[in-house]
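K.L.:
Encoded as structure tokens, here's the structure I'll be asking about.
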Amino acid sequence: MDNIDALRTEWLERVAAAGDAAALEQVRVAALGRKGRLTELLKGLGAMGLEERRAAGPALNGLKDAVQAAILARQGVLERQAQGVRLAAERVDVTLPVEYRAEGRIHPISQVTDEIVAIFGDMGFTVAEGPEIEDDFHNFSALNIPPEHPARQEHDTFYFAPHADGHRMLLRTHTSPVQIRTMMRHAPPHRIIAPGRTYRSDSDITHTPMFHQVEGLVIDKVTHMGHLKGCLIEFLHAFFELPDVPVRFRPSYFPFTEPSAEVDIGCSRKGGELKIGAGDGWLEILGCGMVHPNVLLNCGVDPGIYQGFAFGMGVERVAMLKYGIPDLRTFYESDLRWLRHYGFAALDQPSTQGGLAR
Ligand code: DAH
């Protein structure tokens, strides 16, 4: 029994002295492992006589339980100690200055709008804006789209509830009303572009109820189709960063321009892959024309003195083409993975010399 007491004292001391998990494990193996000291003693019970075993058995098993319990308790203490050390080491010093990281990304719509504005800015255009909630006059009538005009049906307009006098406001279906506001507010000449949100009750793979357009308007004393073509060809070459992309003007119809044209750029679709540049295909990119004399008259501009041209394009469409974004709807799903992939770093500056300066 003295022997047992001495063993108990010895092993409990060794357990208490273990300074970390590895040392404690060594003690455990030395005491209770397959060839451990206490294991060996317990094995020895089999060789004893009955009397001897009766006395030694419970004592040895008691010793083993006590050492096991001590090891477990010590393990808990050591774990708490280690955690305390780790927490102290990992303490955050909230007084340290923050490391600056530009986490935000610029949405492709903002980026492309900036690029368009920068290119026309270099050509002497200024940015004009107008309200997104418009009236019938600015969105339709003044643009030579009278109430019974079939173009109204094509616009799928969102209307607000009518006022007491019957007139109802609407969400502008295009940025063209900014032309009207510009001409009614200021005297010519004009050279503006108007980027902004537009709305139509339409939703499928190629339409979202809210989308963006950039409108352009030039009014001066001598302005003709040649200016219109030169201006837009220059823009398309700069925007797509392809100085020799073919540009085609195709006769078309818009109520607010006469003559009107749609503008296509060359592309190839070899192997199902769309590539902008010379090729055997064409892609429609924008609408344009010489401002209709009725529009000038509606705004108090004398068509005998002033003429001009206008154009309009969809920002999503040109963004998709320039940056290879396949699905229009993803622009507005607010998926961060999408934005990290297609978004632009805050310091990407639009420039007209060879595209983005990085
Ligand atoms: N407003 C037209 C649309 O939303 C786009 C447009 C075409 C604007 C020709 C123009 C233009 O100024 O001249 O479809």
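K.L.:
Can you tell me which of Ile305, Ile276 is farther than 15 Å from Ala142 by Cα, at pLDDT 95 or above and more than 14 Å from the ligand (Cβ to nearest atom)? It would help to see each step written out before you state the result.
P.N.:
Details: Ile276 fails: at pLDDT 95 or above.
None of the others qualify; the one that does is Ile305.
K.L.:
Report whether or not Ala194 is in contact with a Ser or Thr (Cβ under 8 Å, 6 or more places away or on another chain) and buried (at least 17 other Cβ atoms within 10 Å of the Cβ). Explain how you work it out, then say what you get.
P.N.:
Working: in contact with a Ser or Thr (Cβ under 8 Å, 6 or more places away or on another chain): yes; buried (at least 17 other Cβ atoms within 10 Å of the Cβ): yes.
For Ala194, the condition - in contact with a Ser or Thr (Cβ under 8 Å, 6 or more places away or on another chain) and buried (at least 17 other Cβ atoms within 10 Å of the Cβ) - is met.
K.L.:
Sticking with this structure for a sec: Output the number of the condition that Thr223 fails; it satisfies all remaining conditions of (1) more than 14 Å from the ligand (Cβ to nearest atom); (2) assigned to a loop (DSSP other than H, G, I, E, B).
P.N.:
The one condition Thr223 does not meet is (1).
K.L.:
A further question follows. Answer yes or no as to whether Val178 is assigned by TED's automatic domain parsing to the domain that holds Ile233 and in contact with a Gly (Cβ under 6 Å, 6 or more places away or on another chain). Step through it out loud before you land on a result.
P.N.:
Working: assigned by TED's automatic domain parsing to the domain that holds Ile233: yes; in contact with a Gly (Cβ under 6 Å, 6 or more places away or on another chain): yes.
Criteria met by Val178.
K.L.:
Got a sec? Which of Glu316, Glu284 is free of Cβ contacts under 8 Å to residues at least 40 places away in the same chain and within 14 Å of the ligand (Cβ to nearest atom)?
P.N.:
Values: Glu316 fails: free of Cβ contacts under 8 Å to residues at least 40 places away in the same chain.
Going through Glu316, Glu284 in turn, the sole match is Glu284.
K.L.:
Let me ask another. Output the residue which, of all residues in region 148-191 that are within 13 Å of the ligand (Cβ to nearest atom), assigned to a helix (DSSP H, G or I) and not polar (S, T, N, Q), is surrounded by the fewest Cβ atoms within 10 Å (Cβ to Cβ).
P.N.:
For region 148-191, the residue satisfying everything is Glu154.
K.L.:
If you take the residues of region 133-147 that are loosely packed, with under 14 Cβ neighbours inside 10 Å and assigned to a loop (DSSP other than H, G, I, E, B), which of them is nearest to the ligand (Cβ to nearest atom)?
P.N.:
This residue is Pro146.
K.L.:
Still on this model: Test Glu234 against the criterion of being in a loop (DSSP other than H, G, I, E, B), away from the ligand (no atom under 11 Å from the Cβ) and open to solvent by 50 Å² or more (accessible area, probe 1.4 Å), and give yes or no. Working first, answer last.
P.N.:
On the way: in a loop (DSSP other than H, G, I, E, B): no; away from the ligand (no atom under 11 Å from the Cβ): yes; open to solvent by 50 Å² or more (accessible area, probe 1.4 Å): yes.
Considered against the rule, which asks whether it is in a loop (DSSP other than H, G, I, E, B), away from the ligand (no atom under 11 Å from the Cβ) and open to solvent by 50 Å² or more (accessible area, probe 1.4 Å), Glu234 comes out as no.
K.L.:
Could you check region 233-276 and list, in sequence order, the residues that are more than 30 Å from Pro146 (Cα to Cα) and hydroxyl-bearing (Ser, Thr, Tyr)?
P.N.:
Within region 233-276, the subset more than 30 Å from Pro146 (Cα to Cα) is 233-248, 265-276.
Within region 233-276, Ser268 is the sole residue that qualifies.
K.L.:
Within region 59-85, which residues are among the charged types (D, E, K, R) and either within 30 Å of Lys43 (Cα to Cα) or in contact (Cβ under 8 Å) with a residue 40 or more places away in the chain (or both)? It would help to see each step written out before you state the result.
P.N.:
Within region 59-85, the first condition is being among the charged types (D, E, K, R), and the residues that meet it are 64-65, 74, 79-80.
Correct list: Lys64, Asp65, Arg74, Glu79.
K.L.:
Kindly provide the set of residues from region 293-323 that are open to solvent by 50 Å² or more (accessible area, probe 1.4 Å) and more than 24 Å from His186 (Cα to Cα), ordered by number. Can you show your working first?
P.N.:
Applying the first criterion (open to solvent by 50 Å² or more (accessible area, probe 1.4 Å)) to region 293-323 yields 293-294, 297-298, 300, 302, 304-305, 307, 317, 323.
Across region 293-323, the qualifying residues are Arg317, Tyr323.
K.L.:
Please determine, by comparing only the residues of region 291-302 that are in contact (Cβ under 8 Å) with a residue 60 or more places away in the chain and on the phi < 0 side of the Ramachandran plot, which one is nearest to the ligand (Cβ to nearest atom). Step through it out loud before you land on a result.
P.N.:
Within region 291-302, the subset in contact (Cβ under 8 Å) with a residue 60 or more places away in the chain is 291-292, 294-296, 298-301.
Right, trim to on the phi < 0 side of the Ramachandran plot and you get 291-292, 294-296, 298-299, 301.
Numbers: Val291: 8, His292: 9, Asn294: 14, Val295: 10, Leu296: 13, Asn298: 14, Cys299: 14, Val301: 15 Å.
The extreme case among them is Val291.
K.L.:
Same structure, new question: Could you say which residue among Ala118, Ala128 is more than 16 Å from the ligand (Cβ to nearest atom), in the same structural domain as Val301 (by TED's automatic domain parsing), at negative phi and of a type in the set (Gly, Ala, Ser)?
P.N.:
Result: Ala118 is the single residue among Ala118, Ala128 that is more than 16 Å from the ligand (Cβ to nearest atom), in the same structural domain as Val301 (by TED's automatic domain parsing), at negative phi and of a type in the set (Gly, Ala, Ser).
K.L.:
If Gly121 meets every condition in (1) part of a loop (DSSP other than H, G, I, E, B); (2) closer than 30 Å to Ser334 by Cβ; (3) open to solvent by less than 50 Å² (accessible area, probe 1.4 Å); (4) among the small types (Gly, Ala, Ser) apart from one, which number is that one?
P.N.:
Against the list (1) part of a loop (DSSP other than H, G, I, E, B); (2) closer than 30 Å to Ser334 by Cβ; (3) open to solvent by less than 50 Å² (accessible area, probe 1.4 Å); (4) among the small types (Gly, Ala, Ser), Gly121 comes up short only on (1).
The values are calculated or read from the model by the stated rules, or taken from the named source; none is laboratory data. Given the structure is predicted, the values throughout are model-derived calculations rather than measurements. When we count neighbours, we look across all protein chains shown, and the Cβ atoms used for this are built from the backbone with ideal geometry, even at glycine. Surface areas here come from the heavy atoms of the whole protein model, side chains and all, with no ligands, DNA or RNA. Shrake-Rupley method; radii C 1.70, N 1.55, O 1.52, S 1.80 Å.
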